[in-house]
1. Under a crude label model (7 Å from the Cα following the beta-carbon direction), how far is residue A:18 from residue A:116 in nanometres?
2. Keeping the other protein chains in place, figure out the carbon and sulfur percent of the accessible area of region B:44-174, with a 1.4 Å probe.
3. Of the beta bridges DSSP finds with both residues in region B:175-303, what % are antiparallel, to the nearest 5?
4. Could you rank A:174, A:224 by how accessible they are, 1.4 Å probe, largest area first?
5. Taking 1 over the mean of 1/r across every pair of different Cα atoms in chain A, what Kirkwood radius in Å do you get?
6. Can you give the accessible area per residue of region B:56-132, in Å², using a 1.4 Å probe?
7. Given contacts defined as C-alpha pairs under 8 Å and at least six residues apart, what's the relative contact order of chain B, whole-number percent?
8. Roughly what % antiparallel, to the nearest 5, for the DSSP beta bridges in chain B?
Amino acid sequence: MPWETVIGLEIHTQLATCSKIFSGSAIMFGAEPNTQAALVDLGMPGVLPVLNQAAVQMAVRFGYAIGAEIASHSVFARKHYFYPDLPKGYQISQYELPIVGRGVVSLVSEDGATKSVGVTRAHLEEDAGKSLHDVFGGMSGIDLNRAGTPLLEIVSEPDMRSAAEAVAYARKIHRIVTCIGICDGNLQEGSFRCDANVSVRPLGQEQLGTRTELKNLNSFRFLHKAIQFEVVRQINILEEGGRIVQETRLYDAERDETRSMRSKEEANDYRYFPDPDLLPLVIDADFIATATTNMPELPDARVARFQQVFGLSAYVADCLTSRRALADFFESVVAFCGDATLVANWVLGEFSATLNKADLALAEAPVSAADLAGLLRRIQDQTISGKIAKQVFAAMWQGEGTADAVIAARGLKQVTDTGALAAWVDEVIAASSVQVANYQAAAAEKRPKMIGFFVGQVMKKSRGKANPQQVNQLLQSRLG
Amino acid sequence: MQVDSVMQQAADLRAGACSSVELTQSYLARIRQLDGTLNSLITVTEDIALAQAQAADARLAAGSAGPLTGIPIVHKDVFCTRGVRTSCGSRMLDNFIAPYDATVVSRLQAAGCVMLGKANMDEFAMGSSNETSFYGPVHNPWSVDAAPGGSSGGSAVAVAARLCAAATGSDTGGSVRQPAALTGITGLKPTYGRCSRWGMVAFASSLDQAGILAHSAQDVAALLQVIAGFDAQDSTCAEQPVPDYAAGLAGDLRGLRIGLPQEFFTDGLDAAVAAVVQQAAQVYESLGATLVEVSLPTSQASIPAYYVIALAEAASNLSRYDGVRFGHRSAQADDLAALYAHSRAEGFGTEVKRRIMLGTYVLSEGYYDAYYVQAQKVRQLIANDFQRVLQEVDLLLGPVTPFASCALGAWQQDPVQMYLGDVYTVPVSLAGLPALSHPAGCAQHGMPVGVQLIGNYWAEPRLLQAAHQYQGVTDWHQQAPDLSWIG
């Protein structure tokens, strides 16, 4: 029986505020345990929460970015459960009335197809602390530095049909929240955490199957692998006549499998009710206007502009805008040297590959936008070939100077002098009598392919510096 | 002869008739003499009191004293006091030394008040007789057998027995007004949002409000002046200007319209209490007020609505007492679930556990709409009812409690009777309105009886003025209990 996979994601984004959502404590990552936990964060008797307006502004920016309704009236609610890293015995979250309502994000696949994924809601809440079970022998440690860190939980509709779509959606949300500056997007540090709700159903059936919730997915790769594993697991159970248990499952990256964490039967009754310590959150048009001033160009708008202004394909435009800094870099290079297609190829190709290999952030790249443009200009004016340009680029990366300096120092200037080229061509023809005979005996339509051999030989002799177009022309006229 | 009134003490301190250290020492001596029997204080902070009194005397000498500099008071043990045990009357917090001061405490301290100690109270402010305290019941100075009311019973007794000049309290469903009435003193529950709740250990967040217990409306006004006002640390504290309460006390009551809610005078009301309220009404009439009979039909639904809302919030607020970070931790626990279960079972008393169970139940899945949501609707109707009536009249006058006095132990086996005793105070709490209770007579056996004045939002000046004018022509507030029964 063919099966259809149905996936919805809950993404917790840590908001890039200076302080916690209900207290003035700092939220720097990596601080000594419990040094960023004030009275409120410790849940001391008598303390009260005061809402951080910066977190509200960030939630509004997100709602605006995905064209969602922003609630004029939303409510903080208490979600109760006992756990040692939850100081008050409840988490302050939003339940019935979230700050951000329905919105939509669109995904573009490599073949240019687009797909819309619904965002059900996004709500503000506080993070819990951390329990450290393996640091103190026989005891658990509690670090409340993270307790009260502002989160925006973004809940999708069950609109995704494959692990690849789920990853594309997660990447898109990641792109949006980093673009609008509300989240640093660091998956390793837990600033961007995905939980996946996964179910399968017979293709064509409308009713959703029983879902499981996958947790501990701290990279896009793990998100992909965990969903793939879980889909196979569920299909196997169903095909053997079993039934899926609604439960939370943890992904174990080392074993590449999901394991049951707790089932619905053991689930807490969270006893949500409006937090009486906080007034309803009222947001008016002025607040939205203030929160959304200085909004950067959003990823979708930028993709559209890159297609229109630079004549790029949807896919290339999408790749370039995957990170705001990369798109900015691309635009800088284009501003220096024009030819957006050439720039796109280089930025997505050699430049990104080298950056990744060196494991550097874009801001740390030793080759600046102006430097890269200087190199590409030498391709444009035929001073060097594309192939030589890669050598020059590698040298620039190693700190050997600008493109012009490297070309001069290494003598890589392309040879366009007809006399020199003719001499290399003649030497090659003289040394390749068998290939010349074959070529001349071949039908006209086969010849363009066969001439590549001779071009290659000439390029080799010139150590890559011969102008390939000129060599081609010369060969054609000599070989008849 | 000890002078009781805050205002007179302040005048004496200024005039140099006595020093704050002398005043403080005389109270400390009285506490040593009497409080072993009365049990109104959980903690006596003698060293702090004497140091603060010395500082107050220095300020008085330097001419930099404020109106309350050097006045000895006690704080209900619901208020966090830095470096001093803040027990909330519970074993759960018996070992809890607060690391910070409540806003109410820090404001009174900045005003120069001297802290004599922390007052006994019903555990986590849950009770109406001060018998649920881990530290034992408080005794009403007016009778060896009587409870002082609660939950601010320790504060009320400390004032009534002249162990301090005034006291702070907290009122969720009547916890300032009711003990004030049963001990013959004046107590004010301000408008919800008038005083900061920062550092006041929460019982029911949407109802809790700090209040003042003292001998007279004038004294209450002086302390309210200090604790009222916006605090950025409490999101529910209003940015409402604070009027000059002392200045508002003067002026007669001609033209004042006082409503008598007919629902407050039904069968359940003790005849002696009803008579005291009627007499008080006549005094107000003689002062120029007009009496109007009014109706608050929804107030009769207030007890169930109040207990649903208050206990839901209480169960939630008390979740933090888990034995992990502070407070009582059971020695019996060998895993996490047992740590919670034993710590809470051992740390909380019977009444608190009962309320946590009820509050948890009403918020449970499937019951939330039937109880909590419904109770909130009733709450809104009650508030609307008060608003309608307070368009017609300026103040409402009625009883504080349906009974004239409460014998110690009377409610031990019957908590529902205790809950029903809040019938006249909880509607006001649900509506968030200010109300004042002042002594207005006595019942059989000489037990004091209070009456309740209810005002519209922010109408504290009107409440205080009315009570002050009443106290200008009566002397119920000057009656002191005969404490010769204390060996």
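The values are calculated or read from the model by the stated rules, or taken from the named source; none is laboratory data. Keep in mind that what you see is a predicted model, and the values were worked out from it rather than measured. Here the Cβ positions follow ideal geometry from the backbone for every residue, glycine too, while neighbour counts run over all protein chains shown. Remember, those area values only see protein heavy atoms, side chains included, never the ligands or the DNA or RNA. Shrake-Rupley method; radii C 1.70, N 1.55, O 1.52, S 1.80 Å.
1. 4.0
2. Numbers: 1650 of 3100 Å².
Reported share for carbon and sulfur atoms: 53 percent.
3. Details: 4 of 9 bridges.
Counting DSSP beta bridges with both partners in region B:175-303, the antiparallel share is about 45 percent.
4. Numbers: A:174 40, A:224 60 Å².
Result, largest first: A:224, A:174.
5. Numbers: mean 1/r = 0.0376 Å⁻¹.
Its Kirkwood hydrodynamic radius stands at 26.6 Å.
6. Details: 1870 Å² over 77 residues.
Per-residue value: 24 Å².
7. Details: 1195 pairs, mean separation 86.5, N = 487.
Here the relative contact order equals 18 percent.
8. Details: 32 of 46 bridges.
Percent antiparallel among DSSP bridges in chain B is about 70.
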